[in-house]
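Trainee: Before we start, here is the structure in question, set down as structure tokens.
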Amino acid sequence: MKIDYYAYHSGMTKWNAGFKVLLAVGTLLMVIIFNRVRISLFAILVMSGLTLIAGRLPIRTYAHYLTIPFAFMLLSSVMIAVDFAGTPKGDFNFSLCFFYVCVTRQGIATAAQVLLKAFAGMSALYMMAFSTPMGEFICVLQNLHLPGLLVELMHLIYRYIFILLETAERMQTAAKVRLGYGSLRQGFRTFAGIAGNLFILSMQKAERYYDALAARGYDGKLEFLREQRPVSAGQLAGAAAYIAAIIILGRFTR
Amino acid sequence: MTKLQKNVWKASIAIALALSVCPVSNAMHIMEGFLPPALCIAWGVVCLPFLVKGLINLKKIFAENRRAVTLVAMAGAYVFVLSALKIPSVTGSCSHMTGTGFSAILFGPSVTSILGIIVLVFQAILLAHGGLTTLGANTFSMAIAGPLLTYGIFGLCKKLKVNKNVSIFLAAALGDLFTYCVTSVQLAIAYPSANGGVAASALEFLGVFAPTQLPLAVIEGILTVLIMMAMESYARPELKAIGYGR
């Protein structure tokens, strides 16, 4: 949950939220549509550069967050590279009694391409996540005219998440000092107790929060104050140069 | 603690101990950038009817009772927090519940689809699990397919008068397994195997994720039963208020 904290303390927090979302989503789309190694590399370079230099995110933190999807990525890309067959069909084959594990050059190339593409996607997503507080992201969705009900729910859920997390953490600490996680059996029991208790608390809180909303004149529409943050000419020029560079890389080079 | 609860504890320790060697991974979110654009859009389109149905149902609920707004929002936050809490395991690895099966049992599949997609957006942005371009595919496997099966099994078991705890376990565990199967098929469609096509590739993905996902499904089932038991002893009125157990 620290990503939220970094988003508020980033050097890019004051940038226009719509601009950042557009930049991230645009990068994502271009990366998966072009699907070229050099474009992925370029996007990784620019997006990580923005996060680390303009956003002033410590590089160790960034590296830590990049390892989160690593297990999934590694397993999946190995599966893309590797094939099982009854006869040795690949460029490199390992015999395992009944069948062969085949690896083709083509497969390795595809796996590497997918890996880089996924990394580029993550770097674009992180650029946005580490610089845009969730409230502003939801406001961008609101400007895109998503159903009001959905946006309102998102606003409320976002607020409630932190309340519940704090409560859950307090209960976990209380359980831990009482050896609630002493054994695996006890750990399961504690986990279930906390989860059950959290549910009761959350339902009770929901009742009270509705009263609080109603007392402030809530009639089915939540309004939030938004800061106006114009996009600077330099940012626009940078974005245009970046997109142009990607298109040139994708279209005019072999 | 009743005798029944004791037995469930005992069973849970036995299974958990047998399986505690492995769980290392999170619930299976397909990562950002992993799917080609056509599939990103296709899975999004597949989700649309379910989401529209969910929104219409929610609107109806809110029109009848405005107080439900904060209740449903809290439920969404609860599902998120449940999926963010670390499950205890001896190896010290970190694994999480999906929580959507639980939500399906409590709130039904249509509300779960909406809560699920919101939770997935938050997981992508706040926890770096999953992504925006893969949101459609992840929503289908985790917020629609899994919960639908969970809900179906729970309903079926109720009709067949199966023991409640057994049915909750089956519903949650099988829903989790189904999610993992759907994700594997989604990956296989995106990256079919050169020799055997989509089917062979799906088997490969199923195989490689099985060691982490099978125990996780069992653990998810056990925990869901334990949580429901905890709730039924403490939160009967709240459960009634959201329409569970009628």
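Trainee: If each of A:Leu144 and A:Ala233 carries a label point 7 Å out from its Cα toward its Cβ, how far apart are those two points in nm?
Mentor: According to this spin-label approximation, the distance is 3.1 nm.
Trainee: Right, here's the next one. Sorted by average packing, counted as other Cβ atoms within 10 angstrom per residue and highest first, what order do B:162-172, B:41-51, A:210-220 take?
Mentor: B:162-172, B:41-51, A:210-220
Trainee: Here is a follow-up. Could you work out how far the C-alpha centroid of the stretch B:38-82 sits from that of the stretch B:104-149, in angstrom?
Mentor: 10 Å
Trainee: Please give, to one decimal in nm, the separation of the simple spin-label points placed at A:Arg226 and A:Arg105, each 7 Å out from Cα toward the Cβ.
Mentor: 5.3 nm
Trainee: On to the next question. Using 0.36 nm times the number of residues separating A:Leu75 and A:Glu166, minus their current alpha carbon distance, what extension gain do you get?
Mentor: Taking 0.36 nm per residue and subtracting the Cα distance, the gain is 29.4 nm.
Trainee: How large is the helix-only mean residue ellipticity at 222 nm for chain A, computed as the sum of -39500 (n - 2.57) over DSSP H runs with n ≥ 4, divided by its residue count, in deg cm²/dmol to the nearest 500?
Mentor: Helix-only estimate at 222 nm: -23000 deg cm²/dmol.
Trainee: When you look at the Cβ of every residue in B:190-201, what mean number of other chain Cβ atoms sits within 10 Å?
Mentor: Averaged over the peptide's residues, the number is 4.
Trainee: For the stretch B:157-246, what's the relative contact order in percent, using C-alpha pairs closer than 8 Å and at least 6 residues apart?
Mentor: Reported as a whole number, the value is 30 percent.
Trainee: Please compute the contact order of the stretch B:123-187 in relative form: average sequence separation of alpha-carbon pairs under 8 Å and at least six residues apart, divided by the residue count, as a percent.
Mentor: Computed over the stretch B:123-187, the figure is 35 percent.
Trainee: Given Cα pairs under 8 Å that are at least 6 residues apart, what percent is the relative contact order of the stretch B:31-241?
Mentor: Normalised by residue count, the contact order of the stretch B:31-241 is 21 percent.
Trainee: With +1 on each Lys and Arg Cβ and -1 on each Asp and Glu Cβ, how big is the dipole of the stretch B:31-241 about its Cα centre, in debye rounded to the nearest 20?
Mentor: Charge dipole, the stretch B:31-241, about its Cα centre: 820 debye, nearest 20.
Trainee: Does the stretch B:61-188 classify as rounded, prolate or oblate by the C-alpha gyration tensor (a ≥ b ≥ c root eigenvalues; a/c under 1.5 gives rounded; else a/b over b/c gives prolate, otherwise oblate)?
Mentor: Rounded is the answer for the stretch B:61-188, as its axis ratio a/c remains below 1.5.
Trainee: A follow-up question, please. Hey, which of these cross-link pairs are over 21 Å Cα-Cα: B:Lys60/B:Lys159; B:Lys164/B:Lys240; A:Lys205/B:Lys158; A:Lys176/B:Lys86; A:Lys2/A:Lys117?
Mentor: Where the Cα-Cα span goes over 21 Å, the pairs concerned are B:Lys60/B:Lys159; A:Lys205/B:Lys158; A:Lys2/A:Lys117.
Trainee: A further question on this structure: Averaged over its residues, how many other protein chain Cβ atoms are within 10 Å of peptide A:120-132's Cβ atoms?
Mentor: Per residue, the average neighbour count from other chains is 4.
Trainee: Separation of the stretch A:209-254 and the stretch A:9-83 by C-alpha centroid, Å?
Mentor: About 18 Å separates the Cα centre of the stretch A:209-254 from the one of the stretch A:9-83.
Trainee: Taking the mean number of other Cβ atoms within 10 Å as a proxy for protection, how do you rank B:177-187, A:160-170 from highest to lowest?
Mentor: Packing order, densest peptide first, comes out as B:177-187, A:160-170.
Trainee: Compute the label zone of A:Val37 within the stretch A:100-124: residues whose backbone N is under 11 Å from the point 7 Å along Cα-to-Cβ.
Mentor: A:108-114, A:116
Trainee: Find how many whole Å separate the alpha carbon centroid of the stretch B:183-232 from the alpha carbon centroid of the stretch A:96-126.
Mentor: Each part's Cα centre sits 20 Å from the other's.
Trainee: Would you tally the net charge around A:Ser123, using a Cβ to Cβ cut-off of less than 12 Å, leaving A:Ser123 out, and scoring K and R as +1, D and E as -1?
Mentor: Cβ neighbours under 12 Å give a net charge of 0.
Trainee: Please give the length that would be gained between A:Ile3 and A:Leu45 if that part of the chain were fully extended, namely 0.36 nm times their separation in residues minus their C-alpha to C-alpha distance (nm, one decimal).
Mentor: 13.1 nm
Every number in this text was worked out from the coordinates using simple rules, so none of it is lab data. Predicted model only: the values in this text are computed from it and were never measured. Cβ sites come from the backbone with ideal geometry, for glycine too, and all protein chains shown count toward neighbours.
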